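Shown next, in structure tokens, is the structure this report addresses.
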Amino acid sequence: MEDKVEERSLVNVLNRLRKDGYKNDFKVNADGTLCTMDDKSVFSVGQVRIVDFYRFEGESNPDDMSILYAIETDNGLKGTISNSYGPYADEKVDNFLKQVEDLGKNLDKRDK
């Protein structure tokens, strides 16, 4: 059995996700769509799925909290996007990911 990997740091989690194929870095454009950092691939809310997320808290300051999302797109791209909590959070990222979460919850309800 494999030992559980200590995942207390963002770097450790990112390294593990990269090994699992989550190699793209995503961002949210000014128009509110998700895209790759080079802007070559753009995705709407319905084309994205949140696979997992990881929360991190700063060691000395609770204001240093962040969250990392593992994302898959409908065309097979895998990657990550991160955001801060509180006053430092990027509202565009929050709004986009909330819509993705809400869409996923609605789809889950239809399956039951």
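The values are calculated or read from the model by the stated rules, or taken from the named source; none is laboratory data. Keep in mind that what you see is a predicted model, and the values were worked out from it rather than measured. For neighbour counting, all protein chains shown are included, and Cβ atoms are generated from backbone atoms with ideal geometry for every residue, glycine included.
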Report summary line: Among the residues of the stretch 36-47, the number that are surrounded by fewer than 16 Cβ atoms within 10 Å (Cβ to Cβ) and either free of Cβ contacts under 8 Å to residues at least 12 places away in the same chain or assigned to a strand (DSSP E or B) (or both) is 5
Query raised in the report: When the stretch 69-95 is examined, which residues are found to be crowded, with 17+ Cβ neighbours inside 10 Å and outside any strand (DSSP E or B)?
Result: Leu77, Lys92, Val93
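Considering Val51, Val11, which residue is more than 16 Å from Ile71 (Cα to Cα), free of Cβ contacts under 8 Å to residues at least 40 places away in the same chain and not acidic (Asp, Glu)? Talk me through it step by step, then tell me what you get.
Working: Val51 fails: more than 16 Å from Ile71 (Cα to Cα).
Answer to the check: Val11.
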Query raised in the report: For Lys19, which of the numbered conditions (1) at pLDDT 95 or above; (2) among the basic types (Lys, Arg); (3) under 13 Å from the mean Cα position of the chain (by Cα) fails to hold?
Result: (3)
